[in-house]
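Undergrad: I have a structure I would like to understand better, so I am pasting it below and will then ask my questions one at a time.
Laboratory data are not the source of any read-out in this text; all were calculated from the coordinates shown. Everything quoted here is computed from the prediction, not taken from an experiment. Every residue, glycine as well, gets a Cβ built from its backbone with ideal geometry; the counts of neighbours run over all protein chains shown.
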Amino acid sequence: MVISLEDFTLHRLTEPPPLAQDWGPSFSPDGQKLLFIREHQVGQPDEIMVTSATGGDAIRMLSEPGQVEGPPQWSFDGRLDG
């Protein structure tokens, strides 16, 4: 969730499916995109997802068979493959 500095309203950026949670948000250097971890229940792989910084449909960038230990990070130039 993000908070508007104009009117202090909250806006949800991601919508995890049932039995999943999203965590570890990381905004791109230009502020246009958001990387985050989608953690599923035991036995399901964790995923690194990307979405617009204003929310919307998320795209899976990577599926990790184990548990992701920390938040994703952008490369200095904001490329997803860094």
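Undergrad: Limiting things to C-alpha atoms, what are the Rg and the maximum Cα-Cα separation (Dmax) for the range 1-49, in angstroms?
TA: So, for the range 1-49, Rg and Dmax equal 12.9, 42 Å respectively.
Undergrad: The range 6-82: which chymotrypsin sites (Phe, Trp or Tyr not before Pro) are DSSP loop and have at most 15 other beta-carbon atoms within 10 angstrom? Intermediate results must be reported in sequence, preceding the final value.
TA: Values: sites: PHE8, TRP23, PHE27, PHE36, TRP74, PHE76; in loops: PHE8, TRP74, PHE76.
Listed in order of number, the matching sites are PHE8, PHE76.
Undergrad: Given the options GLU15, GLU47, GLU69, which has the most mean-square fluctuation in a GNM of the chain, springs set between C-alpha atoms less than 10 angstrom apart?
TA: In this elastic network of the chain, the residue with the biggest mean-square fluctuation among GLU15, GLU47, GLU69 is GLU69.
Undergrad: Rg and Dmax of the range 39-82, using alpha carbons, in Å: what are they?
TA: Cα only, the range 39-82: 11.7, 34 Å (Rg, Dmax).
Undergrad: What is the magnitude of the charge dipole of the chain about its Cα centre, with +1 placed on the Cβ of each Lys and Arg, -1 on the Cβ of each Asp and Glu, and no other charges, expressed in debye to the nearest 20?
TA: On the way: 5 positive and 13 negative charges, 14 e Å.
It works out to roughly 60 debye.
Undergrad: Evaluated at 10 °C with a viscosity of 1.306 mPa s, what Stokes-Einstein diffusion coefficient in µm²/s does the chain have when Rh comes from the Kirkwood expression over alpha-carbon pairs? Let's see the in-between values first.
TA: On the way: Rh = 13.3 Å.
D = 119 µm²/s.
Undergrad: Normalising by the residue count of the chain, find the relative contact order in percent from Cα pairs under 8 Å and 6+ residues apart. Provide the component values of the computation, followed by the final result.
TA: Working: 159 pairs, mean separation 20.0, N = 82.
Reported as a whole number, the value is 24 percent.
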